[in-house]
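Here's the structure we're looking at; comments come further down.
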Amino acid sequence: MTADPRIRLRDVTLADADLLDTWGQDEAARSAFNDFGEAPNPAPREVLRSGPLRNEHNGVLIVERMSDAAPIGTVGWHVVRYGPNPGSDAWNIGIELRPEARGRGFGTEAQRQLTDWLFANTTVNRVEAQTDVENVAEQRSLAKAGFTREGIARGSQFRAGGYHDLVTYSRLRDDR
Ligand SMILES: CC(C)(COP(=O)(O)OP(=O)(O)OC[C@H]1O[C@@H](n2cnc3c(N)ncnc32)[C@H](O)[C@@H]1OP(=O)(O)O)[C@@H](O)C(=O)NCCC(=O)NCCS
């Protein structure tokens with residue numbers, strides 16, 4: 001039996017723009033595994049004025065704790081192509097929780113919910129995630145969210161002055 005959800009994923013709204021910018025500029029809170037040396041772009045207010053932050057190529061959702069409706073992080077996804085035809089498109093997902101929200105299982109729930117939502121609302125066969133081989137929490141979280149470990153992409157990510165090995169995980173539509 002699945003436990004009651006403790007988080008939900010919701011669209012980003014214009015009212016979240018200042019908060020996202022504050023998080024983006026908070027260098028101390030940025031995970032070393034998501035730190036590429038500069039703050040992310042400001043929240044795109046012109047897009048948010050007309051709708052949520054998602055389209056056919058990528059998207060971002062807020063992770064909200066249900067007990068107090070507090071935003072505790074974001075999940076995002078973008079398309080990756082394994083061939084020239086739309087049937088070979090897959091989603092690559094990512095996550096960043098605020099430091100105080102880590103280590104409580106919320107990341108596992110968020111990545112499971114996001115993957116379920118992507119399979120329910122799009123036609124892809126594959127959702128994947130990549131993380132640094134040293135990011136044990138994310139690897140454990142992905143495994144608990146039903147992802148299968150596939151292999152290492154050596155020296156694939158340049159971050160903090162050096163190249164890092166990434167490990168790829170995936171969930172397929174028919175995986176249980
Ligand atoms: C990675 C992240 C999404 C995981 O979510 P989370 O809610 O913190 O993790 P969970 O509580 O669901 O599970 C973490 C698991 O990893 C384990 N873990 C956590 N830190 C660990 C560490 N340093 N070494 C070994 N295991 C660790 C926990 O014990 C837990 O396993 P368990 O349930 O068997 O005890 C979250 O910590 C986060 O946002 N981190 C910063 C951003 C980041 O690294 N994103 C991914 C970049 S690709």
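Here is how the numbers come out for the structure above:
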quantity: Search result, residues across region 2-37 that are more than 16 Å from the chain's Cα centre (by Cα) and acidic (Asp, Glu); calculated: 4, 16, 18, 21, 26, 27
quantity: Candidates 156, 170, 141 - the one that is over 24 Å from residue 17 (Cα atoms), touching a Gly at 6+ places or on another chain (Cβ under 7 Å) and within 16 Å of the ligand (Cβ to nearest atom); calculated: 141
quantity: Residue within region 44-55 that is part of a strand (DSSP E or B) and more than 14 Å from the ligand (Cβ to nearest atom) present; calculated: yes
quantity: Test: residue in region 125-133 that is closer than 20 Å to residue 107 by Cα, touching a helix residue (DSSP H, G or I) at 6+ places or on another chain (Cβ under 9 Å) and surrounded by fewer than 13 Cβ atoms within 10 Å (Cβ to Cβ); calculated: no
quantity: Test: residue in region 96-109 that is buried (at least 18 other Cβ atoms within 10 Å of the Cβ) and part of a strand (DSSP E or B); calculated: yes
quantity: Total residues in region 78-107, condition within 6 Å of the ligand (Cβ to nearest atom) and more than 13 Å from the chain's Cα centre (by Cα); calculated: 4
quantity: Among residues of region 33-43, those that are without any contact (Cβ under 8 Å) to a residue 60 or more places away in the chain and surrounded by 13 or more Cβ atoms within 10 Å (Cβ to Cβ), counted; calculated: 3
quantity: Among residues of region 146-174, those that are farther than 22 Å from residue 38 by Cβ, surrounded by 12 or more Cβ atoms within 10 Å (Cβ to Cβ) and of a type in the set (Gly, Ala, Ser), counted; calculated: 3
quantity: Condition met for residue 40 (within 14 Å of the ligand (Cβ to nearest atom), out of contact with any strand residue (DSSP E or B) (no Cβ under 9 Å at 6 or more places or on another chain) and assigned to a loop (DSSP other than H, G, I, E, B)); calculated: yes
quantity: Residue in region 114-123 that is nearest to the ligand (Cβ to nearest atom), counting only those that are surrounded by 18 or more Cβ atoms within 10 Å (Cβ to Cβ) and over 20 Å from residue 23 (Cβ atoms); calculated: 115
quantity: Matching residues, region 105-114, being in contact (Cβ under 8 Å) with a residue 60 or more places away in the chain and either β-branched (Val, Ile, Thr) or under 10 Å from residue 72 (Cβ atoms) (or both); calculated: 106, 110
quantity: Number of positions in region 44-58 that are surrounded by 14 or more Cβ atoms within 10 Å (Cβ to Cβ) and either touching a residue at least 40 places away in the same chain (Cβ under 8 Å) or hydroxyl-bearing (Ser, Thr, Tyr) (or both); calculated: 3
quantity: Selection from region 3-59 of residues that are of a type in the set (Ser, Thr, Tyr) and farther than 20 Å from residue 95 by Cβ; calculated: 50
quantity: Considering residues of region 1-32 that are modelled with pLDDT under 95 and in a helix (DSSP H, G or I) only, the residue surrounded by the fewest Cβ atoms within 10 Å (Cβ to Cβ); calculated: 28
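The values are calculated or read from the model by the stated rules, or taken from the named source; none is laboratory data. Note that the coordinates shown come from a computational prediction; the quantities given were computed from them, not determined experimentally. Every residue, glycine as well, gets a Cβ built from its backbone with ideal geometry; the counts of neighbours run over all protein chains shown.
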